[in-house]
Amino acid sequence: MARTILEIAQEAAKRDATAPAPVALFSTGNKIATILATAAQDTMREYLQKIDWQGASELTSTWVFALIPGRYAYPLPPDYLRMIPNTENRGGWPLGLIGPASPQSWAAWIYGGASAPVQMGWRIRNGAIWFDPTPASNELIAIEYVSRYPVVSEIRVGDYDDTQRPPVCIAPFVPRDGYLTLPEDFDITGETEGQGVYDGPPGYDVAVYGKDTWEVLKRISRHSGIAPLPQVRRPYFEADTDKPAFDDDHLLSLGMTYRLRRSLGKDYAEIAAEYEAEMEIKAATDAGGARAFRIGGNGDFCDTAPLGGGRWLIS
């Protein structure tokens, strides 16, 4: 489990007896704390600049939005950095993003009926994605992308507008797992029978949010039982309790030590080499992003490997 930025900073300062460990990073005029806070931002930014989408599995999110007839340009998520190749799907919905899935939804997903490859041209420019030809019908689009927000934290006051259903994460913050873009007049929940665009099979109508905030947040974080506090992505470290998106924070710790030693005029060549080697290893061993897979019966499918005695297939 990733540690807080303060815990990582304390380790970075104590490594090789570089400097006294700070008791706080933010809201303090301490020189060491200021250098370490800046080093944390620079280290995460450098990693984002050096990797493509491979090596970024902890920095990926699912962006879901609705095509509207006659509209060809749609704004990108606030934290969009780059798209993960071959993850564009239309007419589908990532299960788990909006709550419980009906048996019909699971069946449609397992047998390939819940989504299909996008058959339209797109390009990204001026902070928006443009489609050609112009959409002629309401459809859901799901795209996996790399986030440029390397910081995560439990939600705080001002992160969510819980007066809306579903609750809306207030920009520039974004939910850690997925970004949802829907116009106000486009209802996908099917709360009232016959009114939702997706209120029919394969069961999207069952994914209706609860009426109170606790139940709504429980749907966002399905494993929460008491006082659920889902995480959001943030552009920068802002509090001592913030965490890096990396579950293994050793890379960040090394980068902070290297930058701290350089700022203090100490020898940093050895720790810099260790940091660079760690960065290469992480980027090479982390597969990053999403790839299609299929679970089904005993038949032969292209690009699949039989598992469980041939009863389960994954591609």
For the stretch 61-77, pairs from a residue that is under 17 Å from Ala171 (Cβ atoms) and in contact (Cβ under 8 Å) with a residue 60 or more places away in the chain to a residue that is open to solvent by 10 Å² or more (accessible area, probe 1.4 Å) and acidic (Asp, Glu), with Cβ under 8 Å and 6 or more apart or across chains, are Ser61/Glu144; Ser61/Asp177; Trp63/Glu144
The condition of being β-branched (Val, Ile, Thr) and at pLDDT 95 or above holds, among Ile68, Ile8, only for Ile8
Here the residues within the stretch 274-306 that are open to solvent by 60 Å² or more (accessible area, probe 1.4 Å) and either in a helix (DSSP H, G or I) or modelled with pLDDT of 80 or more (or both) are Glu274, Glu276, Glu280, Ile281, Ala284, Thr285
Within the stretch 1-49, residues being of a type outside the set (A, V, I, L, M, F, W, C) and either closer than 14 Å to Pro150 by Cβ or in contact (Cβ under 8 Å) with a residue 12 or more places away in the chain (or both) number 17
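Is it true that some residue in the stretch 255-263 is small (Gly, Ala, Ser), surrounded by fewer than 16 Cβ atoms within 10 Å (Cβ to Cβ) and modelled with pLDDT of 90 or more?
No, the conditions are met nowhere in the stretch 255-263.
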Check: Quick one: would you say Arg233 is open to solvent by 20 Å² or more (accessible area, probe 1.4 Å) and at pLDDT 85 or above?
Finding: no
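The values are calculated or read from the model by the stated rules, or taken from the named source; none is laboratory data. Note that the structure is predicted; figures quoted are calculated from it, not measured. When we count neighbours, we look across all protein chains shown, and the Cβ atoms used for this are built from the backbone with ideal geometry, even at glycine. The accessibility values were calculated without ligands, DNA or RNA, using every heavy atom of the protein model including side chains. Shrake-Rupley method; radii C 1.70, N 1.55, O 1.52, S 1.80 Å.
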